[in-house]
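The values are calculated or read from the model by the stated rules, or taken from the named source; none is laboratory data. Small disclaimer: the values here were computed from a predicted structure and weren't measured. Positions of Cβ are backbone-derived with ideal geometry, glycine not excepted, and every protein chain shown enters the neighbour counts.
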């Protein structure tokens, strides 16, 4: 039987082989012969369907050899050529098996003439010329559908139960353990093995033909003819695929095709304990003529199914694809790190996936742990090192339309940002009461947060200094009597996990008192009195307005000292000036004193 995962039709063919074996010790009744006639008819109908399935995929590719602009679609042209080669290999095997069928009919004396009253071979194609009298190579000499098996009506066979003649054709008339390899019918065995290699080689050739880098792929045929069970077959084949230089995408279809065409050459003989018999012997020994024809049609079915599967796979390389998707998402891929000020390229694309078909994800050892797989996506947790970078690697696989798992390697590098943060006061080095202390803070975390011990209030703000430089952070207010405040910088990662990045303590002082900044004033004209903080203080956006005052005890209103108040003061002497100023941000009125030189 064929190895690998079998379709219901292939299982039916396998059951047919078992029934053939059971017939060894039976006198074949008409009902059994009729059963084989029906089996052959069903297999033949299925073969026509498989021919059509392969033809449709081939036709699809043929129609794509010219692109929308009228130019040549090189991929389609290359794939179509490989499809033609597959057809040639398949047709060769189909026609060989047809020839063996005709030789069996000849050997039992059946009338193969299409003009016979009850024709055995039916005309079912546009071009049909049967060379039925050729005793070495009978068959169609003009054939418009070379991959399509001959259509026969076994009800018209007169000697349905003959078996000696077909055993002679198959080379097992003398021994079912060691058939005669030069018998015309035995040729189907090496032909099936040859086709198994040919079709796998042609899949590989297609990948070579369309490889963008010009890489040449090759498949090393392990020539498997012996295996204990399917697990052992998988093991042998997997080893051979590992040793072959094939494209990873092709691995699934090659494995599927190879297993479907693989049989154990030698099998235990159920009639002689300890003896082995060749597959050909076990299949055709004492099988009536119609059963032998049905078995040969089963081999043709294997060829045509492999052909159709290969055509479908190759067609997907030109368009359509082996996968079905129901969701699309955007995907942006950037370099894992970039130098400051440099220019880089971001790759943006649409990614499609099937939310109902879960991928099989296997992280490499030490490269993460699979948490869950849902919605067509897998989630892998990992622990980053304290510094440097971490490369996350593993394998992801998804089943294609043929049920084959298509594995692919994944790899990504994550740069580890060392844990760090900073808190700065852009204006001053200490904090003050009665003032919006501007605090800027940053950390290497995904999100940063600042907490304050000793503060009365804080607001998140963005601002600019007098030079136009932009800042963002907190404006913190501190109540009177506070001697120090402690700021704690916290950070959160993308998963919401918090960690501390640093604690910063600042001394607190009372807000400085303004001073009279006017140093000299004209005796003849008087002048304006200005007030503000000293040069040591760098508070942005702070101003004071003089409301009133007195000079040597004589009052004035506003911020201008009249000249008459300076008339009795000699030039070069200092006048004692007291003013009431208004702090413009708070409205607070503050009395201040100072000396102004009169000149």
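Please specify each residue of segment 255-295 satisfying the condition of being in contact (Cβ under 8 Å) with a residue 12 or more places away in the chain, part of a strand (DSSP E or B) and surrounded by fewer than 20 Cβ atoms within 10 Å (Cβ to Cβ).
Pass one, segment 255-295, residues in contact (Cβ under 8 Å) with a residue 12 or more places away in the chain: 255-267, 269-271, 275-295.
From what's left, part of a strand (DSSP E or B): 266-267, 276-278.
Scanning segment 255-295 gives 266, 267, 276.
Kindly indicate the residue of segment 464-498 that is over 45 Å from the mean Cα position of the chain (by Cα) and part of a strand (DSSP E or B) and also modelled with the lowest pLDDT among those meeting that condition.
Across segment 464-498, the extreme among qualifying residues is 464.
Is it fair to say residue 348 is without any contact (Cβ under 8 Å) to a residue 40 or more places away in the chain and crowded, with 16+ Cβ neighbours inside 10 Å?
Answer is no for this residue.
Mind checking which residues of segment 435-477 are in contact with a strand residue (DSSP E or B) (Cβ under 8 Å, 6 or more places away or on another chain) and under 23 Å from residue 514 (Cβ atoms)? Break it down into steps so the answer makes sense when it comes.
Here is the first cut: in segment 435-477, the residues in contact with a strand residue (DSSP E or B) (Cβ under 8 Å, 6 or more places away or on another chain) are 435-465, 470-477.
The answer is 435, 436, 437, 438, 456, 463, 465, 475, 476, 477.
Consider residue 26 against the criteria (1) modelled with pLDDT of 95 or more; (2) out of contact with any strand residue (DSSP E or B) (no Cβ under 8 Å at 6 or more places or on another chain): it satisfies all of them except one. Which criterion is unmet?
So residue 26 meets the others, but not (1).
Could you tell me which residue of segment 411-433 is farthest from residue 356 (Cα to Cα), considering only residues that are surrounded by fewer than 15 Cβ atoms within 10 Å (Cβ to Cβ) and modelled with pLDDT of 85 or more?
In this case the residue turns out to be 430.
Assuming residue 106 fulfils every condition listed in (1) within 31 Å of the chain's Cα centre (by Cα); (2) more than 25 Å from residue 196 (Cα to Cα); (3) in a helix (DSSP H, G or I) apart from one, which condition is it?
With (1) within 31 Å of the chain's Cα centre (by Cα); (2) more than 25 Å from residue 196 (Cα to Cα); (3) in a helix (DSSP H, G or I) applied to residue 106, the lone miss is (1).
Within segment 520-541, which residues are within 19 Å of residue 425 (Cα to Cα) and surrounded by 18 or more Cβ atoms within 10 Å (Cβ to Cβ)?
539 - this is the single residue of segment 520-541 that is within 19 Å of residue 425 (Cα to Cα) and surrounded by 18 or more Cβ atoms within 10 Å (Cβ to Cβ).
State yes or no: is residue 90 crowded, with 18+ Cβ neighbours inside 10 Å, assigned by TED's automatic domain parsing to the domain that holds residue 301, touching a helix residue (DSSP H, G or I) at 6+ places or on another chain (Cβ under 7 Å) and not in a helix (DSSP H, G or I)?
Values: crowded, with 18+ Cβ neighbours inside 10 Å: yes; assigned by TED's automatic domain parsing to the domain that holds residue 301: yes; touching a helix residue (DSSP H, G or I) at 6+ places or on another chain (Cβ under 7 Å): yes; not in a helix (DSSP H, G or I): no.
Considered against the rule, which asks whether it is crowded, with 18+ Cβ neighbours inside 10 Å, assigned by TED's automatic domain parsing to the domain that holds residue 301, touching a helix residue (DSSP H, G or I) at 6+ places or on another chain (Cβ under 7 Å) and not in a helix (DSSP H, G or I), residue 90 comes out as no.
What pairs come out if I take residues in segment 201-219 that are in the same structural domain as residue 256 (by TED's automatic domain parsing) and without any contact (Cβ under 8 Å) to a residue 12 or more places away in the chain and pair them with residues that are surrounded by 17 or more Cβ atoms within 10 Å (Cβ to Cβ) and part of a loop (DSSP other than H, G, I, E, B) whose C-beta lies under 7 Å away, six or more apart or interchain?
Listed by first residue and then by second, the contacts come to 208/217.
Looking at this structure, is residue 158 surrounded by fewer than 18 Cβ atoms within 10 Å (Cβ to Cβ), part of a loop (DSSP other than H, G, I, E, B) and in contact with a strand residue (DSSP E or B) (Cβ under 7 Å, 6 or more places away or on another chain)?
Values: surrounded by fewer than 18 Cβ atoms within 10 Å (Cβ to Cβ): yes; part of a loop (DSSP other than H, G, I, E, B): yes; in contact with a strand residue (DSSP E or B) (Cβ under 7 Å, 6 or more places away or on another chain): no.
Judged against the criteria, residue 158 is not a match.
Are any of the residues in segment 108-117 surrounded by 15 or more Cβ atoms within 10 Å (Cβ to Cβ), in contact (Cβ under 8 Å) with a residue 40 or more places away in the chain, out of contact with any strand residue (DSSP E or B) (no Cβ under 7 Å at 6 or more places or on another chain) and in the same structural domain as residue 290 (by TED's automatic domain parsing)?
yes
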